[in-house]
Amino acid sequence: MDPIILASSSPRRQEILKMMNIPFQVIIPNIEEKIDSSKSAIEITQIIAKQKIQAIINSIPSKQIVPWILSADTVISLNNKILGKPESQNEAFEFIKLLQGKTHEAITSIVLYNGTKKSTSIKTAVTKVTFVPMTDEEINFYIETGDWHGAAGAYRIQGIASCFISKIEGSQSCVVGLPIFELYDMLKSQGYCIIE
């Protein structure tokens, strides 16, 4: 199998590729992830994931052949309000306070660049996640763990926040940040076979 460039610093995305036995190297794209409030959550994830691909293409010498580049972007959407990565403990508290007792959407778009064909394909997964009602004491307990750092919506589905999640409708790997079914389907359709 050809190695894939993963345009992400996310350890969770790396773990998924390792689990699928896909060889990869990490190159972190140099982009500013701006959220355009005039766009839908799906459009935002697709735009940012495409920007990550383009940043990697631009950073590679023109004569170097790049067979595959994979990128992804995840946002949390509650009643059409986008919750990105909190910048402070206070903002993390506000995000969890908003999410508690409600159902929101975790949206992840993945983009695969096929360097041989010079083509880009994109898929988006949406998963509904329901938090139970939480007391301020429970929210503070969670915030003190620090698990909110660098996480869209201030939580990770595979972390301590799962204590407060009562229901998931859809793919858990979408919430983690790399929907496995969509990735496999995309690779297969592009002729990248992981079954040997």
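Each reported figure results from applying straightforward, stated rules to the coordinates on display, with no laboratory input. The structure displayed is predicted, hence computed values, not measured ones. Neighbour counts run over all protein chains shown; Cβ positions are idealised from the backbone, glycine included.
Some observations on this one:
- In the stretch 57-72 there is at least one residue matching the filter, namely being outside any helix (DSSP H, G or I), touching a Ser or Thr at 6+ places or on another chain (Cβ under 9 Å), in contact (Cβ under 8 Å) with a residue 40 or more places away in the chain and under 30 Å from Ser166 (Cα atoms).
- Unique match (being out of contact with any Ser or Thr (no Cβ under 7 Å at 6 or more places or on another chain), over 30 Å from Pro67 (Cα atoms) and touching a residue at least 40 places away in the same chain (Cβ under 8 Å)) among Ile143, Ile194, Ile168: Ile143
- Residue count for the stretch 176-194 under the criterion of being over 28 Å from Ile76 (Cα atoms), touching a helix residue (DSSP H, G or I) at 6+ places or on another chain (Cβ under 9 Å) and not aromatic (Phe, Trp, Tyr): the result is 2.
- Scope the stretch 31-56; condition more than 16 Å from Thr108 (Cα to Cα) and either in a helix (DSSP H, G or I) or in contact with a Ser or Thr (Cβ under 7 Å, 6 or more places away or on another chain) (or both); matching residues: Gln54, Ala55, Ile56
- Residue in the stretch 108-128 that is part of a loop (DSSP other than H, G, I, E, B), over 26 Å from Ala49 (Cα atoms) and of a type outside the set (D, E, K, R) present: no
- For Ser162, the conditions (1) of a type outside the set (Phe, Trp, Tyr); (2) out of contact with any Ser or Thr (no Cβ under 8 Å at 6 or more places or on another chain); (3) touching a residue at least 24 places away in the same chain (Cβ under 8 Å); (4) under 18 Å from Lys85 (Cα atoms) all hold with the exception of (3).
- Screening the candidates Val176, Val126 for the property of being out of contact with any Lys or Arg (no Cβ under 6 Å at 6 or more places or on another chain) and of a type in the set (Val, Ile, Thr) yields one hit, Val126.
- Residue list for the stretch 2-43, restricted to those being within 21 Å of Ile157 (Cα to Cα) and either aliphatic (A, V, I, L, M) or without any contact (Cβ under 8 Å) to a residue 40 or more places away in the chain (or both): Ser9, Pro11, Gln14, Glu15, Ile16, Leu17, Lys18, Met19, Met20, Ala41, Ile42
- Taken together, Ile139, Ile143, Ile157 contain a single residue that is in a loop (DSSP other than H, G, I, E, B) and surrounded by 13 or more Cβ atoms within 10 Å (Cβ to Cβ), which is Ile157.
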